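Participant: One structure coming up, written as structure tokens, with questions to follow.
FYI, it's all coordinate maths here, none of it is from the lab. Treat the numbers as computed from the prediction; the structure is a model and nothing was measured. Here the Cβ positions follow ideal geometry from the backbone for every residue, glycine too, while neighbour counts run over all protein chains shown.
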Amino acid sequence: MNLSQMTKDQIVSFKSENEKLYNDFKGQGLCLNMARGNPCKEQLELSVDMLGVFDDGNFMSSCGTDVRNYGIVDGIPEAKKFFSDMIGVGTEEIIIFGNSSLNAMFFAVQCAFNKGILGSKPWSQCEKRKFLCPVPGYDRHFKVTEFFGFEMINIPMTPSGPDMDMIEELVKDEDVKGIWCVPQYSNPDGISYSDETVKRFAALKPAAKDFRIFWDNAYCIHHLTDDPHCILNILDEAKKLGNEDIVYVFGSTSKVTFPGAGVAVMGASVANVEELRKYLGISIIGYDKMNQFRHVKFFGTIENMKEHMKKHKEIIAPKFRLVCDVLNKEIAPLGIGEWTDPEGGYFISFNAPAGCAKRIVQLCKDAGVTLTGAGATFPHGVDPEDKNIRIAPTYPPIEDLAKAMELFVICVKIAAAEKLLGE
Ligand code: PMP
């Protein structure tokens, strides 16, 4: 029965039943952390053989550089070839960074801030700076633009991507300098942008010539189904319109091989890449080329990497299934929440009744399950409706995840009942 259709007495007894269950949980001394989207141990094991690829004693890149030595600021040719296939750009349109795409994004914002983009005034000298933030979104994106003093404007997500009508209107303002996008299996909704959305992004004509779309394709090969639908290639679409400078594409192998020891890349027009490469050479002599070579040697081809991703899928898809099954069984009949059943990526986005998210996360925490903080999916950590909670199912063993979900739904029930009772 839908909770909102219950009488006050029914809600009171529903609440006290669930409080009893909750207190039993508290007695169990749980200690589970589901705050971040980390791969689990079995996933990390999938790439351990990579550590042996230099047993053949070959350290020479095809360009004649010994990868153990200094040099080549933007990546060895093998890595450029391999990763340009991964993110769908040409070998002249890619920079191989270090182990973190977030760090590459920070670098790109920092360059725009200090030096400007392709002759435009540095963002630091602009009286006002605004950035568009599809919400819910990735908290670390928002922290970057917060750090650089941007006013962040929330853009609602729709099932086909961010609200494009709103974006097209807002980019008429010259102070609007960019937008964060996770176009395939967005963090946390798991939404993939429709072809129309990608085309509208590629066709944007912002007032600011230095407006950039930060196209963080972190989950481009992270499918949870056997017949994945891939989004359109934005750089190709933008090129068709002579608008190729508008986008910076990012990706990494953090959730393919090892988070923290993977390879991060950025794709962009030749003009953008040339400028950023110049600045990069001031900050570093060269990233870890051994790691670049290790990745290329380990996978060989992009097809092999996609096969490798199927092994990840085998491990984590049952965890996503479990979360959705529990929510379908326990929450759907009560009408006290909505969630996504994503076809890829790392998260399930749960929307509780308005005003309940903080309370649910706190209740879970007090009983030993740490979730991503409520509000984290919004700029400045402020969810105006206090309803979004990011569920990250990959890391815990499935038995622990089942326990955590059992607790989670009890907490949702308690918080929703409290809300209806006006407590
Ligand atoms: N972008 C998104 C959308 C992410 O979810 C994450 C990791 N959770 C990152 C970037 C970070 O990637 P990296 O490890 O390459 O810095």
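Participant: Let me have the 222 nm mean residue ellipticity of the chain computed from DSSP H runs of 4+ only, each contributing -39500 (n - 2.57), with the sum over all residues rounded to the nearest 500.
Facilitator: -12500 deg cm²/dmol
Participant: Follow-up. Structure shown: which of 239/278; 255/365; 306/329; 205/289; 177/365 lie over 30 Å apart, alpha-carbon to alpha-carbon?
Facilitator: As for pairs spanning more than 30 Å Cα to Cα, those are 306/329; 205/289; 177/365.
Participant: Using Cβ contacts closer than 10 Å as the measure, can you line up 311, 240 from fewest to most?
Facilitator: Listed from fewest to most nearby Cβ atoms, that is 240, 311.
Participant: If you don't mind, another one. At 7 Å along the Cα-to-beta-carbon direction for both residue 385 and residue 51, put a label point, then send me their distance in nm to one decimal.
Facilitator: Placing both labels 7 Å along Cα→Cβ, they lie 4.6 nm apart.
Participant: Report, ordered by chain and residue number, the aspartates and glutamates lying within cross-link reach of residue 240, taken as a straight Cα distance under 15 Å and ignoring same-chain residues fewer than 8 apart.
Facilitator: Cross-link targets: 195, 196.
Participant: Can you tell me the length gained on complete extension of the stretch residue 158 to residue 370, counting 0.36 nm per residue apart and subtracting the Cα distance?
Facilitator: Stretched fully, the residue 158-residue 370 segment lengthens by 73.5 nm.
Participant: Can you put 360, 153, 389 in order of Cβ neighbours within 10 angstrom, beginning with the fewest?
Facilitator: Going from sparsest to densest Cβ surroundings: 153, 360, 389.
Participant: Another question, if that's okay. Starting from 0.36 nm per residue, how many nanometres of slack lie between residue 140 and residue 127 once their C-alpha separation is accounted for?
Facilitator: 2.3 nm
Participant: Net charge within 13 Å of residue 131 by Cβ-Cβ distance, Lys/Arg positive one each and Asp/Glu negative one each, not counting residue 131 itself?
Facilitator: Residues close to residue 131 contribute a combined charge of +1.
Participant: I need the calculated FRET efficiency for the pair residue 284 and residue 402, taking r as the beta carbon distance and R₀ as 45 Å, to the nearest 0.05.
Facilitator: Efficiency, from the Cβ-Cβ distance: 0.50.
Participant: Compute the distance from the alpha-carbon center of the stretch 298-357 to that of the stretch 104-159, in whole Å.
Facilitator: Cα centres, the stretch 298-357 to the stretch 104-159: 29 Å.
Participant: Mind checking the full-extension length gain between residue 5 and residue 33? Use 0.36 nm per residue of separation minus the Cα-Cα distance, one decimal, nm.
Facilitator: 6.6 nm
Participant: Here's a follow-up. Ranked by Cβ crowding within 10 angstrom, fewest neighbours first, how are 215, 339, 123 ordered?
Facilitator: 339, 123, 215
Participant: How many percent of DSSP beta bridges within the chain run antiparallel, rounded to 5?
Facilitator: Once the DSSP bridges in the chain are tallied, antiparallel ones form about 45 percent.
Participant: Below 14 angstrom from the Cβ of residue 151, what's the summed charge of the other residues (Lys, Arg +1; Asp, Glu -1)?
Facilitator: -1
Participant: For the cross-link pairs 80/319; 172/419; 81/128; 15/358; 20/387, which exceed 29 Å when the distance is taken from alpha carbon to alpha carbon?
Facilitator: Long pairs (Cα-Cα over 29 Å): 80/319; 172/419; 81/128.
Participant: So, in nm, how far is label residue 423 from label residue 203 when the simple model puts each one 7 Å beyond its Cα toward the Cβ?
Facilitator: The two pseudo-label positions are separated by 5.3 nm.
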